[in-house]
Each structure stands twice: as C-alpha cells, then as structure tokens.
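Trainee: Quick one: structure below, then a few questions.
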Amino acid sequence: MAKLGIAAIQVDAEATDNVDLIERETRAVTRRFPWVDLVVFGELAAYGASPKHAEPEGGAFERRMAALARETGAYLIPGSFYQEREGRIFNVSPVFDPQGEIIARHDKFFPFLPYEKDVACGQDYCVFEIPGIGRVGLAICYDMWFPEAMRTLAAMGAEVIVLPTMTNTVDRDVELAIARANAATNQCFFIDVNCAGALGNGRSAYFGPGGEPIYESGEGRDVVALRLDLKQVRDAREEGWQGLGQVMKSFRDTPLRYPLHENAEARAKAMSDLGPLAVPQSDAGAEGAPETEAKIFKVHQEQ
C-alpha cells in the first residue's frame, strides 16, 4: 500500500515577504514528522499578491527553496510566486524534489480576472510522480473552478490534486464545495491549502476520493500533517466509492464529445452574449451605466 505523507501549512502570513517563515515552518514540520514526503504552502505565500515582486526563472526564491528541499529531504511546493519569463509574468508554483531539483512547474491556467491583472495564462498541465508512492497533480486557486482542467489532471493519472490557494473573500464557502466536488468527480484526494493572516481567510480543506471531508482548518495558522492511503483512490476508481459510481471509467469509455472544450473559436461564439470580462461597476447614477459599459467593452476589445 502506497501512503503519501503530506504536510499542508496554512501560514499566518504578512502582506509581503514571508520567505523566512516558509523556511521555519518547513524545517519544523519535517523535524516533527519525519514521515512527511511533501510539504505544501498556499498561493503567493512567499511575497504576497503584487506582481511587482516578480523574479526571473531560477531567481533568489527558487534558489532558497532548492536549498530548503535539500536540507529537509522532502518534496516541496512552496505555494506560488510571480515569475517573469520572456517579458511576461506568470503565477508559478514550482515543485522541488529532495535533492533540490525543480522537477515540475505549474503556471496558473486562470489568473483571477478581472482582478489579477497583467498575469499570463499557463498552458501546460502539471502531474509529477513521487517514486514508490504515486502521482500528484498541481493547480493553483481559481484553476479549480474549471472542471475541465481538474478532470484532465485526473485523466493524466493524478491520484492527489494539490491546490495552493490565496482567498480572502466571501466565496470561501463556495470554494470548499467546489473542492469537495472535484475530489468526488475525479475520485482523488483533493488538498486545498489557503493562506491566513494578511493574505487569506484560511479554512484549508482536505477531501478523500469519495468527496468525504477529512479535515478543515480554522482561519488562523494551522499545520496539517496527513498520511493519504492512495489505495483508496485506486479502489474507488476500480470499484466505485463505496461500490457506487465508477466515474473515471465512464469518462474514459463514453463516446460523448465536448466540442466547445475542443474548439476555442466555437466556444467564444457560443458564449459571446456574456459580454466583456471586466470589473463590475457601481450602479450609482444608473442613467450613466449604459455609457460606462460601452466604454469598458471598447477598451476590452482594443486590448
């Protein structure tokens, strides 16, 4: 039986530099629980939510995290940070192995538009293997709102999906429902690690392959160390959770096609009446609202 020891750390973070804190928490949890294979932090936990802190690939943060992984002997996902590559900024989550090598990077598919501005969209799915244990899929925060992306990770063999998150808004309850649904519909463990303190409202959550809740953090600092038995995933996919739906097999075997998923132009045409992706405006002075909306649409089109 393959068991993944995972430590999800909901840091009580400051608004900017938390790299020292990430190092301290990683050292502490790996000393206390030597069976931990993988340590995970929340989205943008290192430097906060401003792209002005973007670093180049292989920059100071990645070098420090490489050294930390080597020191502790654990796989490490230090949340995410903004990284500049070829003149564009990505919200990036790197994966370090115990030798300090970057074995994968995930560029956030869906920046939280229209608020997470000037951040490029990732294109590549991230699934990596921990030898002798199993396969882990990686996504970031808003990515989980798009079931097509989560299903793809599961179809690529992910038995655990790890989701570094930074949420401080009223939709955290909704996110927990989505995380639970993703666990059930993809028959996998789903680990949603939020930030606390100045960056997030906590409530990190952990679900099993039937969507069953394992644990939910409070709103403050929390260190959650779990041993996930991946045989539960394999059994659920083989026989159905509690002997019920074999969801992944049905997805594999159906002749049904998803034309709007496959064709970006067809999708844009079918959903064109939704209007522009723009920050909602105040309804104050309702007589001026149509003109404001028209201006927003013009700006969006020009971009």
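The values are calculated or read from the model by the stated rules, or taken from the named source; none is laboratory data. Predicted model, so just to flag it, every value in this text is computed and none were measured. Neighbour counts run over all protein chains shown; Cβ positions are idealised from the backbone, glycine included. The accessibility values were calculated without ligands, DNA or RNA, using every heavy atom of the protein model including side chains. Shrake-Rupley method; radii C 1.70, N 1.55, O 1.52, S 1.80 Å.
Trainee: Identify all residues within the range 103-120 that are exposed (fewer than 13 other Cβ atoms within 10 Å of the Cβ) and not charged (D, E, K, R); write none if there are none.
Mentor: Initial filter on the range 103-120 (exposed (fewer than 13 other Cβ atoms within 10 Å of the Cβ)): 115, 117-118.
Selection gives Tyr115 alone.
This table checks each residue for (1) closer than 23 Å to Thr152 by Cα; (2) touching a Gly at 6+ places or on another chain (Cβ under 7 Å).
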{"position": "Ala74", "(1), (2)": "no, no"}
{"position": "Ile89", "(1), (2)": "no, no"}
{"position": "Val92", "(1), (2)": "yes, no"}
{"position": "Arg105", "(1), (2)": "yes, no"}
{"position": "Lys108", "(1), (2)": "yes, yes"}
{"position": "Pro111", "(1), (2)": "yes, no"}
{"position": "Cys121", "(1), (2)": "yes, no"}
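Trainee: For Ala155, work out the one condition from (1) closer than 16 Å to Leu138 by Cβ; (2) under 18 Å from the mean Cα position of the chain (by Cα); (3) buried (at least 21 other Cβ atoms within 10 Å of the Cβ) it doesn't fulfil.
Mentor: Among (1) closer than 16 Å to Leu138 by Cβ; (2) under 18 Å from the mean Cα position of the chain (by Cα); (3) buried (at least 21 other Cβ atoms within 10 Å of the Cβ), the lone unmet condition for Ala155 is (3).
Trainee: Can you name the residue in the range 160-184 that is touching a residue at least 60 places away in the same chain (Cβ under 8 Å) and open to solvent by less than 20 Å² (accessible area, probe 1.4 Å) and, of all such residues, is farthest from Ala205 (Cα to Cα)?
Mentor: Among residues in the range 160-184 that are touching a residue at least 60 places away in the same chain (Cβ under 8 Å) and open to solvent by less than 20 Å² (accessible area, probe 1.4 Å), the one farthest from Ala205 (Cα to Cα) is Val160.
Trainee: Does Ala60 satisfy being open to solvent by 10 Å² or more (accessible area, probe 1.4 Å) and modelled with pLDDT of 95 or more?
Mentor: Details: open to solvent by 10 Å² or more (accessible area, probe 1.4 Å): yes; modelled with pLDDT of 95 or more: yes.
The answer is yes for Ala60.
Trainee: Are any residues in the range 121-142 surrounded by fewer than 24 Cβ atoms within 10 Å (Cβ to Cβ) and either assigned to a helix (DSSP H, G or I) or free of Cβ contacts under 8 Å to residues at least 24 places away in the same chain (or both), and if so, which ones?
Mentor: Answer for the range 121-142, where residues must be surrounded by fewer than 24 Cβ atoms within 10 Å (Cβ to Cβ) and either assigned to a helix (DSSP H, G or I) or free of Cβ contacts under 8 Å to residues at least 24 places away in the same chain (or both): Cys121, Gln123, Asp124, Glu129, Pro131, Tyr142.
Trainee: With the checklist (1) modelled with pLDDT of 95 or more; (2) within 22 Å of Thr167 (Cα to Cα); (3) open to solvent by 40 Å² or more (accessible area, probe 1.4 Å); (4) not charged (D, E, K, R) in hand, flag the one item Phe207 doesn't pass.
Mentor: Exception for Phe207: condition (3).
Trainee: Also: Looking only at the range 26-46, count how many residues are within 14 Å of Ser80 (Cα to Cα) and either open to solvent by 40 Å² or more (accessible area, probe 1.4 Å) or among the small types (Gly, Ala, Ser) (or both). Break it down stepwise before answering.
Mentor: Restricting attention to the range 26-46, the residues satisfying the condition of being within 14 Å of Ser80 (Cα to Cα) are 39-46.
Now restrict to residues that are either open to solvent by 40 Å² or more (accessible area, probe 1.4 Å) or among the small types (Gly, Ala, Ser) (or both): 42, 45-46.
Residues that pass the stated criteria total 3.
Trainee: If you take the residues in the range 185-204 that are in contact (Cβ under 8 Å) with a residue 60 or more places away in the chain and either hydroxyl-bearing (Ser, Thr, Tyr) or at positive phi (or both), which one is most open to solvent (accessible area, probe 1.4 Å)?
Mentor: Thr185
Trainee: Based on this model, can you work out whether Ile77 counts as of a type outside the set (Phe, Trp, Tyr) and more than 26 Å from Gly5 (Cβ to Cβ)?
Mentor: no
Trainee: If the Cβ limit is 7 Å and pairs must be 6+ apart or interchain, which residue in the range 213-229 that is free of Cβ contacts under 8 Å to residues at least 40 places away in the same chain pairs with which residue that is crowded, with 17+ Cβ neighbours inside 10 Å and among the hydroxyl-bearing types (Ser, Thr, Tyr)?
Mentor: Ile214/Tyr206; Tyr215/Tyr206
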